[in-house]
1. Please compute the modelled spin-label separation between residue 401 and residue 37, points set 7 Å along Cα→Cβ, answer in nm with one decimal.
2. Starting from the amide H of residue 347, placed 1.01 Å from N in the peptide plane, find each other amide H under 5 Å away whose residue is 5 or more places distant or on another chain.
3. To the nearest 0.05, what FRET efficiency results for residue 368 and residue 510 with a Förster distance of 56 Å applied to their C-beta separation?
4. Taking the Cβ of residue 105 as the center, what net charge do the other residues with Cβ under 15 Å away carry, scoring Lys and Arg +1 and Asp and Glu -1?
5. Provide the descending list of Cα extents for segment 271-311 along its principal axes, expressed in whole angstroms.
6. Magnitude of the Cβ-charge dipole of the chain, K/R +1 and D/E -1, about the Cα centre, nearest 20 debye?
7. Residue farthest toward the positive end of the dipole of the chain, with Cβ of Lys/Arg at +1 and Asp/Glu at -1: which of 325, 376, 482?
8. Under the rule of -39500 (n - 2.57) per DSSP H run of 4 or more residues, summed and divided by the residues of the chain, what mean residue ellipticity at 222 nm is obtained, to the nearest 500 deg cm²/dmol?
Amino acid sequence: MELLRHIFAFNQDSPLLFTQFYFWAFFAVVYAAFALIMEVKSKHNANHRARLHLRNIFLMAVSWFFYYKTSGICLLILAFVTISDWLIAQRIAHTRGTNKARWWLVLSVVIDLSLLAYFKYAYFFTNVINNIFSTSFQVFDIFAYIGNGLQHSGRFIVDAIILPVGISFYLFQVISYTSDVYHGRVQPVTNLLDFGFYVSFFPQLVAGPIVRASEFIPQLYKPFHLSKRLFGLAVFWILNGLAKKIILSDYLAVNLIDRVFDNPLLFSGFENLFALFAYSLQVYADFSGYTDIAIGIAMLMGFYLPKNFDSPYKSRNPQEFWRRWHMSLSRWLKTYLYIPLGGNRTVLGFKLPKLIAGNMNSFIVMLLGGLWHGASWNFVIWGGLNGLGMIFAKCWAAGKEKLGITRWINRTTSIRRLDDGLCILLTFTFITFTRLFFRSSSNLDPATANQVAWETATNMLHQMAYAWDSAIILPFLWGYRYVVIMFVLGMTIHWLPTSFKRWYRLNFAMLPLWVMALIAVVVVFVIYQFVTADMQPFIYFQF
């Protein structure tokens, strides 16, 4: 009985993570049942469709259980938006081409963004109002109040709002669905359970990638296919993601980064600077590691999630960086925000020259993208800096082209390579500097996020500007030599040629199964040596 209670009860201190043995035991059971469903053979199309429908229902139920183990009663929010957006999309399709369809779309967006604003930005907006008008408003969890009323108890806390895990990701997915139905990019899903599966598919539910309806919904009705090569690629992505998360991300965080960011005044300017660069690798390894695992798990079940990272630290400018980093979010922002704002034609309805309109809308999108990541002015600053960096890079490129500098650089291979290397280094440094404001705002209590984040950021800037002592550099490099080695190794692997990475990935996938299994055992054993006693949550769970 105690074992069953542990399996099915929600424990907020022990969410279901890809890095836990419990998750892989859960997935083994799920995959065995999934294989049993898909093994049923039939020559009749009707039975084939029924089997796919059964698969979708099963995976939806599993996904809801997964989300319950991650967020508890917040599962009700996921259920609500699933039902509301499914119903609204039906009305949009029925009234397409009329003003009614537009108003149904507006209703969908208002509902979804209102939920996001309430749960994610209640503290932020309350603090802004209190600071402007010298008031003393406090946040109030209306859903907890209703829950206490229904249960006639005080079980739920009403003076604090808990952010549901992954709410930004699945709300953006349902917004893309209703928008795509409105624009005719995808036909509405007629079955509520199929739609519920699309919204809640557990590998990417809580941290992406953000799957657009037009990319995923057609897969709901395609036959299951998993060749030996695809199986090998899936195993590779899972092992690759686990290694990124546990060997790189968690090791760097536990052994250096968290220590420095928790109290930057205890460390010198060089130590703060190195921790900041190490954080750039940590956040990449953490987030792309999650995505790799999600892609691999989905592939084992015959579903294909979009690529979310493309060696972003090889970028020559900030604009290219955002085409390579969190690619599903970048595409979403371009399709559903940048273009509706006017793209490179208009700004708030005013027609402007292309360069000005494009830059202004890019800056607005980056500000909102920063705010999407969290309710803190530091996130807004981070987004604004990235927006300014993109504008500067565009203007710089236009100036080089106009002055003939670009043509001169491209004449000689050695000069072009030198220019590429310098641009990549400068872009990496700029992106890393902006991460000072990003990391300072992460993993904080929303009630105090603004104050704590600003103090952390300013303290680190002070140390990097004034607290330099050359005598401490060599002792630091030796004392943290394993962290330094891990950082150098991680960046070296990241900067390997894409063709080489593809070569060893495909060759792994083509190995005999017994060799693949042996390698997997060795890799898991090595990964296990890096597991820390305090399991590190994925960074993007908070978004």
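1. Each label point lies 7 Å from its Cα, and together they span 5.0 nm.
2. 352
3. 0.80
4. Value of the local net charge: +2.
5. 46, 15, 8
6. Its charge dipole is roughly 2500 debye.
7. Most positive-ward Cα: 325.
8. Counting only the DSSP helices, I get -22000 deg cm²/dmol.
The values are calculated or read from the model by the stated rules, or taken from the named source; none is laboratory data. What you see is a predicted model; the values in this text were computed from it and never measured. Note: ideal-geometry Cβ built from the backbone for every residue, glycine included; neighbour counts use all protein chains shown. To get the accessible areas, we keep the full protein, side chains included, count just its heavy atoms, and leave off ligands, DNA and RNA. Shrake-Rupley method; radii C 1.70, N 1.55, O 1.52, S 1.80 Å.
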